[in-house]
Amino acid sequence: MVTEGKYVAIHYTGKFDDGQVFDSSLDGAPFEFQAGAGMVIPGLDRAVLGMKLDEEKDIVIAPEDGYGDYDENLLYAFPLEEVQQQFKPEIGMTIGLQMDNGAQIPAVIKEITDDEVVVDMNHPLAGKTLHFHVKVVNISDEPEYSGGCDACGGFSDGCSC
């Protein structure tokens, strides 16, 4: 049974309210994380506790237990001329913004006007209710699957995926 501190490997399919699939592990390696360690969004972390090997479950995660509410304060505008000196911006493009502490944060170009480029630093899943079908495929005391941030499927708070 999955308890705090155990490593749990799951296969999952994530969908939006309208049924559109936004991510799935079914075509690849299972997604593994340490239960209760804050490695994934809170709603997923809590949902797997108490599950048994080979158990399947449908869960619904509200924004506050996922990636938070959409925050208009995380929209930033930069002068178009400055941006064009570095690259040709396109709506929908994901770029990395350098923070004061040296970390890079992903942002999506939301709007381009004659004077500025507006970027959105909200997580792409912020403000969305997430529907997951999960199946526990392994429970162990130590990690057994490689992957780390490369395999996080975007569901980790500690990774920059």
- Message: Within the stretch 120-138, does at least one residue satisfy the condition of being hydrophobic (A, V, I, L, M, F, W, C), free of Cβ contacts under 8 Å to residues at least 40 places away in the same chain and in a strand (DSSP E or B)?
- Response: no
- Subset of the stretch 99-108 [among the polar types (S, T, N, Q) and either surrounded by 11 or more Cβ atoms within 10 Å (Cβ to Cβ) or not in a loop (DSSP other than H, G, I, E, B) (or both)]: GLN104
- Query: Out of all the residues in the stretch 54-63, which are in contact with a helix residue (DSSP H, G or I) (Cβ under 8 Å, 6 or more places away or on another chain) and part of a loop (DSSP other than H, G, I, E, B)?
  - Reply: ALA62
- Complete set of residues in the stretch 69-98 that are surrounded by 15 or more Cβ atoms within 10 Å (Cβ to Cβ) and at positive phi: none
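Would you please name the residue that is surrounded by the most Cβ atoms within 10 Å (Cβ to Cβ), looking only at residues in the stretch 14-31 that are hydrophobic (A, V, I, L, M, F, W, C) and more than 12 Å from VAL137 (Cα to Cα)? It would help to see each step written out before you state the result.
Kept after step one, since they are hydrophobic (A, V, I, L, M, F, W, C), are these residues of the stretch 14-31: 16, 21-22, 26, 29, 31.
Checking which are more than 12 Å from VAL137 (Cα to Cα) leaves us with 16, 21-22.
Numbers: PHE16: 13, VAL21: 11, PHE22: 15.
Residue satisfying both the conditions and the ranking: PHE22.
Okay, residues lined up against (1) outside any strand (DSSP E or B); (2) under 21 Å from VAL134 (Cβ atoms):
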position	(1), (2)
THR3	yes, yes
PHE22	no, yes
GLY28	yes, yes
GLY43	yes, yes
LYS52	yes, yes
VAL83	yes, no
LYS110	no, no
- All positions within the stretch 47-57 that are surrounded by 13 or more Cβ atoms within 10 Å (Cβ to Cβ) and among the acidic types (Asp, Glu): GLU55
- Query: So which of VAL8, VAL2, VAL60 is modelled with pLDDT of 95 or more, of a type in the set (Val, Ile, Thr) and surrounded by fewer than 19 Cβ atoms within 10 Å (Cβ to Cβ)?
  - Reply: VAL60
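Does ILE109 meet the test of being touching a Gly at 6+ places or on another chain (Cβ under 7 Å) and among the hydrophobic types (A, V, I, L, M, F, W, C)? Before the answer, list the steps.
Numbers: touching a Gly at 6+ places or on another chain (Cβ under 7 Å): yes; among the hydrophobic types (A, V, I, L, M, F, W, C): yes.
Criteria met by ILE109.
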- Message: Please go through (1) outside any helix (DSSP H, G or I); (2) more than 25 Å from VAL119 (Cα to Cα) for GLY68 and return the number of the only condition it doesn't satisfy.
- Response: (2)
- Do we find that PHE22 is within 19 Å of VAL117 (Cβ to Cβ) and either of a type in the set (Phe, Trp, Tyr) or outside the structural domain of PHE132 (by TED's automatic domain parsing) (or both) in this structure? no
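The values are calculated or read from the model by the stated rules, or taken from the named source; none is laboratory data. For clarity, every value in this text was computed on a predicted model and none was experimentally measured. Positions of Cβ are backbone-derived with ideal geometry, glycine not excepted, and every protein chain shown enters the neighbour counts.
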